[in-house]
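Novice: Can you keep this structure in mind? I'll have questions shortly.
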Amino acid sequence: MVTASITTIGDEILIGQIVDTNSSMISRELGAIGVKVSDMVSIPDERSQIISRLSEELSRNQIVISTGGLGPTKDDITKDALAELSGSSTYVRHKGQEKMVYDILHSRGLDVLEINLRQADVPDSCEVIINRRGTAPIMIFRFPAERFGHPAVLYAMPGVSYETEAALPEVINDIKAHFPVNDIFHRTVMVYGLAESALAKLIEPWEDALPKDIHLAYLPSTLTGVRLRLSIYEGERKFEESRIDEQIESLKAYLGDKIYSLQDDTLEAVVGRLLRESGSSLAAAESCTGGEIAHMITTVPGASDYFLGSITSYSIGVKEKLLGVPASLIAKKGIVSSEVAAAMAEGVRRLIRSTYSVATTGWADAYGDEHEPAGTVWVGVSGPGGTITEKYNFKDDRKRNIERFSASALDLLRRYIIKQLKR
């Protein structure tokens, strides 16, 4: 099997100044074509370390993809290190990338300086993929078998994520053209409402019965639940697809509506599709989640088709005056209660005139009251079939509790809408 190393270059990642999202994105794309990622390495901005560490990775893998260190400033020394690594002593200006520098800077109303044009200068030992989102090109260095004991290729990509993402398909195509890669077939099952350990216990008989060549991975997240990934390596796609489909069908018997998608998905995207396909609309009233639900919903392209708006009713006064929650109800039942969550959901649905609504009221951190402990949220969902509420309790920090509250609210909304659409 062809193996690859993904390296990040730059002190900013090592000191935690920025988060590396490129490596996971690149790894997913490599896995999809049957390239196994054997290493992920972070290298500081030191010329000797860049050369030595990349040499080590090239000696262990046929493919190395590096990101970062290709900016226009003096602290970006990666290009010079790559020139030395590849044995190049001459730079040439790549005309295609030079034109892209002019186009990008002029489109932003900026002057083109010599420091910008130097981005298009590359070692004469490399091939170039034009970066159409930025000024630094993607450089390809090919090494013969005698250099590292096997033919090897180094792809040097920019560190800016959207530039890397845009250029990655061309890198993948180049890999497919030069290496004997096989498909790795993956299928994803998205599950919400079960902790990873509880999920594993529940589906243990199903997992034990899986064919030996079908590999299962558990990938938990506070916002998306648990992603179950089923994989088959080096098979024929059409045949393996039907085999995994059979396994997923049998999994449904164990999980029922805990499964919310059979693709790599989010709760907000699934809710959005349900609303759009049914011609329905949504409003939200948030207290303890502070607008997180609205944020999640509006990250989905086209959310304006179905999301009408939200009210962050953080104070009691806003709950009473804007949403119409009776003061007597709050005094009797407590601000964090089933009754208040229901009244909030009904109030915002009435106010904004949406088909459905979702509301949250809870304690996200150390606070609580005589009715409910810290980490408790009541979620209310209202729609044509009436109003339902559900209580959840989590023991995380404030940020993670808010994420869990919001995801749980979207999952309850999802299940409510599905029930309504089946009537």
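Novice: Residues with beta-carbon under 11 Å from that of Y155, excluding Y155: net charge, scoring Lys, Arg +1 and Asp, Glu -1?
Specialist: Values: positive: R142; negative: E127, E170, D174.
Every neighbour counted, the sum reads -2.
Novice: For the pair T222/S328, report the inter-label distance in nm, with labels modelled 7 Å from Cα in the Cβ direction.
Specialist: Label-label distance for T222 and S328, simple model: 4.0 nm.
Novice: For Rg and Dmax of the Cα atoms in Å, several values are listed as (i) 21.0, 70; (ii) 27.8, 87; (iii) 26.4, 82; flag the one computed from this structure.
Specialist: This structure yields the entry labelled (iii).
Novice: Would you be so kind as to identify which of V226, Q247, T188 lies farthest towards the positive end of the dipole of region 185-261, taking Lys and Arg as +1 and Asp and Glu as -1 on Cβ and the Cα centre as origin?
Specialist: V226
Novice: If you don't mind, another one. Can you give me the angle between helix 237-255 and the longest principal axis of the chain, using Cα atoms only, in degrees from 0 to 90, rounded to the nearest 10?
Specialist: The helix 237-255 is inclined about 30 degrees to the chain.
Novice: Let me ask you something else. Rounding to the nearest 10 and keeping the result within 0 to 90°, find how far the Cα-based axis of helix 161-178 lies from the longest principal axis of the chain.
Specialist: Roughly 50 degrees, rounded to the nearest 10.
Novice: What are the aspartates and glutamates whose alpha-carbon lies under 13 Å from the alpha-carbon of K399, with same-chain residues fewer than 8 places away excluded?
Specialist: Partners found: E292, D365.
Novice: What does the charge count around Y306 come to, taking other residues whose C-beta lies under 10 Å from its C-beta (Lys +1, Arg +1, Asp -1, Glu -1)? Intermediate results must be reported in sequence, preceding the final value.
Specialist: Details: positive: R273, R276; negative: E277, D305.
Residues near Y306 contribute 0 overall.
Novice: Further question: Once both labels are modelled 7 Å past Cα along the beta-carbon direction, what's the H178-L113 spacing in nm?
Specialist: Going by the 7 Å Cα→Cβ label model, 3.4 nm.
Novice: Select from Q263, G317, A409 the residue farthest towards the positive end of the dipole of the chain; place +1 on Cβ of Lys and Arg, -1 on Cβ of Asp and Glu, and compute about the Cα centre.
Specialist: G317
Novice: Let me ask another. What's the magnitude of the charge dipole for the chain around its Cα centre, counting Lys and Arg as +1 and Asp and Glu as -1 at the beta-carbon? Answer in Debye, nearest 20. Don't skip to the answer; put the middle values down first.
Specialist: Details: 47 positive and 58 negative charges, 310 e Å.
About 1480 debye.
Novice: Along the charge dipole of the chain, which of G291, I130, G385 sits closest to the positive end, that is, farthest toward it, with unit charges on the beta carbon of Lys, Arg, Asp and Glu (+1, +1, -1, -1)?
Specialist: Farthest along the dipole direction, towards plus: G385.
Novice: Assigning unit charges at the beta carbon (Lys, Arg +1; Asp, Glu -1) and nothing else, what dipole magnitude in debye, to the nearest 20, does region 185-261 show about its Cα centre? Walk me through the numbers on the way to the answer.
Specialist: Numbers: 10 positive and 13 negative charges, 48 e Å.
That gives a dipole near 240 debye.
Novice: So what is the 222 nm mean residue ellipticity for the chain from helices alone, if each DSSP H run of at least 4 adds -39500 (n - 2.57) and you divide by all residues, rounding to the nearest 500 deg cm²/dmol? Each step should come with its number before you reach the end.
Specialist: Values: 17 runs with 179 residues, N = 423.
For the chain, the value works out to -12500 deg cm²/dmol.
Novice: Run the reach check for K95 against lysines, Cα to Cα strictly under 25 Å, same-chain hits fewer than 8 apart removed. What comes back?
Specialist: Correct list for K95: K74, K79.
Novice: Please enumerate, by chain and number, the aspartates and glutamates with C-alpha under 18 Å from the C-alpha of K332, excluding those fewer than 8 residues away in the same chain.
Specialist: In chain and number order, the partners are E320, D369, E370, E372.
Novice: Give me the percent of DSSP beta bridges within the chain that run antiparallel, rounded to the nearest 5.
Specialist: Numbers: 42 of 69 bridges.
Antiparallel: roughly 60 percent of the beta bridges in the chain.
Novice: Dipole magnitude of region 106-217 about its Cα centre, charges +1 at Lys/Arg Cβ and -1 at Asp/Glu Cβ only, in debye to the nearest 20?
Specialist: About 100 debye.
Novice: To continue, here is another question. Work out the FRET efficiency for R229 and T299 from their Cβ-Cβ distance, taking R0 = 35 Å, and round it to the nearest 0.05. Numbers along the way, then the final one.
Specialist: Numbers: r = 23 Å, r/R0 = 0.64.
Result of the calculation: an efficiency of 0.95.
Novice: Something else about it: To make sure I understand, if each residue's beta carbon is the centre and we count other beta carbons within 10 Å, what order do W206, W363 fall in, fewest to most?
Specialist: Values: W206 15, W363 23.
Arranged by neighbour count, lowest to highest, W206, W363 become W206, W363.
Novice: L262 to T312: FRET efficiency via 1/(1 + (r/R0)^6), r the Cβ-Cβ distance, R0 41 Å, to the nearest 0.05? Numbers along the way, then the final one.
Specialist: Values: r = 34 Å, r/R0 = 0.82.
It comes out at approximately 0.75.
Novice: Here is a follow-up. Using only the alpha-carbon atoms, how far is helix 267-278 inclined from the longest principal axis of the chain? Give it as 0 to 90 degrees, nearest 10.
Specialist: It is inclined by approximately 70 degrees.
None of the figures in this text is laboratory data; all of them are computed from the coordinates on show. What you see is a predicted model; the values in this text were computed from it and never measured. We place every Cβ from the backbone using ideal geometry, glycine too, and count neighbours over all the protein chains shown.
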